[in-house]
Structure formats: structure tokens, C-alpha cells
1. Output the qualifying pairs, or none if there are none: Cβ atoms under 8 angstrom, residues six or more apart or on different chains, first residue in the stretch 76-103 and more than 20 Å from A131 (Cα to Cα), second residue open to solvent by 60 Å² or more (accessible area, probe 1.4 Å) and of a type in the set (A, V, I, L, M, F, W, C).
2. Going by the structure shown, is Q222 out of contact with any Lys or Arg (no Cβ under 8 Å at 6 or more places or on another chain), open to solvent by 40 Å² or more (accessible area, probe 1.4 Å) and over 24 Å from T66 (Cβ atoms)?
3. Which residue, of A182, A229, is open to solvent by less than 80 Å² (accessible area, probe 1.4 Å), part of a loop (DSSP other than H, G, I, E, B) and either touching a Leu at 6+ places or on another chain (Cβ under 9 Å) or at pLDDT below 95 (or both)?
4. Let me spell it out: the conditions are (1) more than 14 Å from M206 (Cα to Cα); (2) surrounded by 11 or more Cβ atoms within 10 Å (Cβ to Cβ); (3) at pLDDT 95 or above, and I50 meets all of them except one. Which number is the exception?
5. Which of the residues belonging to the stretch 78-114 are within 33 Å of the chain's Cα centre (by Cα) and not in a helix (DSSP H, G or I)?
6. Give the stretch 154-168 a look and list any residue that's over 23 Å from the mean Cα position of the chain (by Cα) and surrounded by fewer than 19 Cβ atoms within 10 Å (Cβ to Cβ), or say none.
7. Pull out all pairs, ordered by first then second residue, where Cβ-Cβ is under 9 Å, the residues are six or more apart or on different chains, the first lies in the stretch 167-178 and is touching a residue at least 24 places away in the same chain (Cβ under 8 Å) and assigned to a helix (DSSP H, G or I), and the second is of a type in the set (V, I, T) and open to solvent by less than 80 Å² (accessible area, probe 1.4 Å).
8. If I ask for residues that are in a helix (DSSP H, G or I) and either surrounded by 12 or more Cβ atoms within 10 Å (Cβ to Cβ) or under 21 Å from the mean Cα position of the chain (by Cα) (or both), which ones from the stretch 200-219 would you list?
Amino acid sequence: MKILSKAVLGTALALTLATPALAKKKDKDAEAAAAPAPAAAPAANNGSTIVKGIGVLNIEAAIANTDAYRLAQQQQQTTYKPQIDQARQRKTALDAQLKSMVDKLQADAAAKKPDAQLQQQYVAIQQTKSAGEQEIEQIIAPLGMSDAYVKEQIADQLDQAVQNAMAKQGVSLLLSPDAVIARANAYELTDDVIAELNLLIPASKMQLVPPAGWVPRQVREQQAAQQGAAAQPAARPAQPAGPQPDGR
């Protein structure tokens, strides 16, 4: 078999294996919500002095571990069950279709079919995989919008929750976990922020389904920026300061 044939075959197999398990996006979100906030690394010296006024906050873990988000995750499995089931069915059909195409590519490669023919089959596999994934993403789009809507409602209360937690714990400097190599557990403020978020936005007040026409904040900000740029008058060419000589 020629080198090109081997490369095409290997890539096609990798494509099939890489096909995402649909509706796993929801499963990953559920796992993230169920997981506790990352534990702080132990201090290098157990007898070291804790510096007061410093805290560390994992914002994503704080949002994902609120009562409101956990309840929303459970309710979404019921509210969007038709979309989840449809996406899983389409995923199963797509996997079967891709496997059939790869099996044929394997057989043709073993039969030493022309590289041009194998290349066409490889392209067809890519196109089928891409089109199938786009279709599945459209199916579960309402679920993704719901998840974004829930997170935004919680994020709207995040600033106040952080201020409350910092005030109660006497923290004046708040850091992200990414900015810290190691720390004692005494610096962890995530659980305190979660507790404040639970007070500010109880699970019973969480809205699951976004209103018609709603888009995430990032999209709204981009749209506003584009509209602002379009509303700006076109720059006028600079006018000469005074009468110019006629060159005579």
C-alpha cells in the first residue's frame, strides 16, 4: 500500500474515534457542577503563618456549585429531554454511518485501490462528520442557551456575593487560583462565595427557559459594539488650514 493510502486510512479512523458523544456536553456540565471546588494545595510548612486579608476564588466552581445551578441541571434533563434524546439518536446514526464509510475505506485500501479514490472517500467522511455534528449542535442548541441563561443569572449576583464574602472574612486582596502556585486551605474563599450566591439567588427563583430573543451577554455586547460602530459618522477628510497658493 502506498504511503498516501496509509495516511488517509489512519486519518479516517482517527476521525471516527474523535466523533464527540452527543449530549455529553450536558454530562460534562453535570460533572462540573457535582464536583466540589478544587482543594487548595497544602502549605509548604504546616507551621507557616497565615497572612490575613488574602483570599483565593475559583469563579467557575463557585457558579457551578450553587444550589440554583445544581437544580437547573436536574430540571434541564426533563425540560429538554426531547432534544437530548433526538441528539443521542442522531449521534448513534452518525456513528454507524461513519463506521460504514471507514470500513469501506479500509477494504478499498487493502485492495490497493487508487489513491485518488481513497482521497475522495476520506473527504466524504470528513464532510459527513462535519455536517452531522452541525446538525446535532442545532438540535441541542436550546439546551445550551438554557445553560447560558442560568449561568448569567447567577453571574449577575456574583459581584455582590464576592463583596459580601470578602467583608465577612476580612479579605482585601482576592486572587484567582491560576495566579497561585500553592496555598493553605485558610485562603480558600470559594465556599464562602457559594454560600452568598445561595442567599442572593435561591434555587426557587432560578428561571430555566430564556425569554424569546434572548442571547448571552457576550453576544449582546458584540451586537452593541457593532451598532455603535455603524452609527459613527464617516471620518471627513481634513480641510486645508487656509487658502493654498495657485502655483503661479
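1. Partner pairs satisfying both residue conditions: T79/V209.
2. Details: out of contact with any Lys or Arg (no Cβ under 8 Å at 6 or more places or on another chain): yes; open to solvent by 40 Å² or more (accessible area, probe 1.4 Å): yes; over 24 Å from T66 (Cβ atoms): yes.
So Q222 fits the description; yes.
3. Numbers: A229 fails: part of a loop (DSSP other than H, G, I, E, B).
Of A182, A229, the one residue that is open to solvent by less than 80 Å² (accessible area, probe 1.4 Å), part of a loop (DSSP other than H, G, I, E, B) and either touching a Leu at 6+ places or on another chain (Cβ under 9 Å) or at pLDDT below 95 (or both) is A182.
4. Condition (3) is where I50 drops out.
5. Let us first name the residues in the stretch 78-114 that are within 33 Å of the chain's Cα centre (by Cα), namely 78-102.
Scanning the stretch 78-114 gives a single hit, Y80.
6. Q160, Q163, N164, A167, K168
7. P177/V56; P177/T190
8. Here is the first cut: in the stretch 200-219, the residues in a helix (DSSP H, G or I) are 200, 203-205, 217-219.
L200, A203, R217, Q218, V219 - these are the residues of the stretch 200-219 that are in a helix (DSSP H, G or I) and either surrounded by 12 or more Cβ atoms within 10 Å (Cβ to Cβ) or under 21 Å from the mean Cα position of the chain (by Cα) (or both).
The values are calculated or read from the model by the stated rules, or taken from the named source; none is laboratory data. The model shown is predicted, which means the values in this text are computed figures rather than measured ones. In this analysis, Cβ positions are derived from the backbone assuming ideal geometry, glycine residues included, and neighbour counts consider all displayed protein chains. In case anyone asks, the SASA skips ligands and DNA or RNA and just uses the protein heavy atoms, side chains included. Shrake-Rupley method; radii C 1.70, N 1.55, O 1.52, S 1.80 Å.
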